[in-house]
Amino acid sequence: MQRRLKGSFFVISAPSGAGKTTLCNKLIAKDGNLRPSVSFTTRQPRMGEVDGVDYTFVNDSTFRKMVARGEFAEWAEVHGKLYGTSKKRLKGLLRSGFDVILDIDTQGARQIRASFPEGIFIFILPPSMAVLRDRLEKRKQSDAKEDTDIDKRLKRAVEEIREALSGVTGDNIYDYVIVNDAFKDALTGLESIISAERLRTGKVEARWIKENFLS
Ligand code: 5GP
């Protein structure tokens, strides 16, 4: 008899350079019940990325066919490439009892909020635009990422923050905001949200309560 019902999922978005990937990787490494939702993308793998682990890399035509067959829970064009979350993968992980992290952009988060509102939506902010610029410049020097146009990314960051948090769209996509100033504190914040979600009454199997305490 299981104590818990199916898993929860956490949608995490952030402007490029806010530290989202490092935070998500650390969370997943520390928590055995947490799995990443491996997205499909049409972008090229970067050095060290593994197909099926970091992303499933597909060409445009395959991706478009998947869209036409309704296989994505959400999909979007980000920095000129297509990215999508497979419904089958997401549902499979949740059914197996795992909690799932979806590292997706604001367009994807909006779609998921509309069709799977039971998710928990978290937005990660850098401490300021000046810090974000600084981090992007450092990253450019150290990893020569193929398309790091800093001004473009900063402009996109402002758009994402406006869409996510300014209230201009009238509906809040995100439930929580974490400012990634000190990494350790940001990680603790994320872990607290996940722990609290796991303790919700709605996540406890009613049959387990009945058999253990009421029979
Ligand atoms: P990168 O190419 O640097 O790994 O990711 C670029 C952006 O695409 C990030 O903001 C990431 O969150 C977003 N992204 C990754 N996978 C998905 C996805 O499946 N759907 C959407 N909408 N965005 C995604």
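Below is a table of values for the structure above.
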quantity: Conditions (1) near the ligand (Cβ under 9 Å from one of its atoms); (2) open to solvent by 80 Å² or more (accessible area, probe 1.4 Å): number failed by TYR55; calculated: (2)
quantity: Evaluation of GLN107 against (1) within 12 Å of the ligand (Cβ to nearest atom); (2) within 27 Å of ASP181 (Cβ to Cβ); (3) part of a helix (DSSP H, G or I); (4) touching a residue at least 60 places away in the same chain (Cβ under 8 Å) (one fails), failing number; calculated: (4)
quantity: Segment 182-203: number of residues that are open to solvent by 50 Å² or more (accessible area, probe 1.4 Å) and touching a Leu at 6+ places or on another chain (Cβ under 9 Å); calculated: 3
quantity: Long-range neighbours under 6 Å by Cβ, at least six apart or interchain, first residue assigned to a loop (DSSP other than H, G, I, E, B) within segment 192-208, second open to solvent by less than 60 Å² (accessible area, probe 1.4 Å) and not hydroxyl-bearing (Ser, Thr, Tyr); calculated: none
quantity: Some residue of segment 168-175 being part of a helix (DSSP H, G or I), surrounded by 13 or more Cβ atoms within 10 Å (Cβ to Cβ) and within 15 Å of the ligand (Cβ to nearest atom); calculated: no
quantity: Single residue of ARG69, ARG46 found to be of a type outside the set (Val, Ile, Thr), at pLDDT below 95 and open to solvent by 30 Å² or more (accessible area, probe 1.4 Å); calculated: ARG46
quantity: Subset of segment 81-104 [farther than 17 Å from GLY52 by Cβ and either free of Cβ contacts under 8 Å to residues at least 24 places away in the same chain or open to solvent by 70 Å² or more (accessible area, probe 1.4 Å) (or both)]; calculated: LYS81, LYS87, LYS91, ARG95, SER96
quantity: Filter result for the condition that a residue is at pLDDT 95 or above and closer than 20 Å to THR21 by Cα, over SER142, SER128; calculated: SER128
quantity: Subset of segment 1-26 that is more than 20 Å from TYR55 (Cα to Cα) and open to solvent by 70 Å² or more (accessible area, probe 1.4 Å) - its residue that is nearest to the ligand (Cβ to nearest atom); calculated: LYS6
quantity: Test result for ILE161, out of contact with any strand residue (DSSP E or B) (no Cβ under 6 Å at 6 or more places or on another chain), within 27 Å of SER37 (Cβ to Cβ) and either of a type outside the set (Ser, Thr, Tyr) or modelled with pLDDT of 90 or more (or both); calculated: yes
quantity: Unique match (being of a type outside the set (S, T, N, Q), away from the ligand (no atom under 14 Å from the Cβ) and free of Cβ contacts under 8 Å to residues at least 40 places away in the same chain) among ALA76, ALA114, ALA29; calculated: ALA29
quantity: Condition met for PRO36 (within 15 Å of the chain's Cα centre (by Cα) and crowded, with 21+ Cβ neighbours inside 10 Å); calculated: no
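The values are calculated or read from the model by the stated rules, or taken from the named source; none is laboratory data. Every value quoted in this text rests on a predicted model; they were computed, and no experiment measured them. For neighbour counting, all protein chains shown are included, and Cβ atoms are generated from backbone atoms with ideal geometry for every residue, glycine included. Just so you know, the surface numbers come from the protein's heavy atoms only, side chains and all, with ligands and any DNA or RNA stripped out. Shrake-Rupley method; radii C 1.70, N 1.55, O 1.52, S 1.80 Å.
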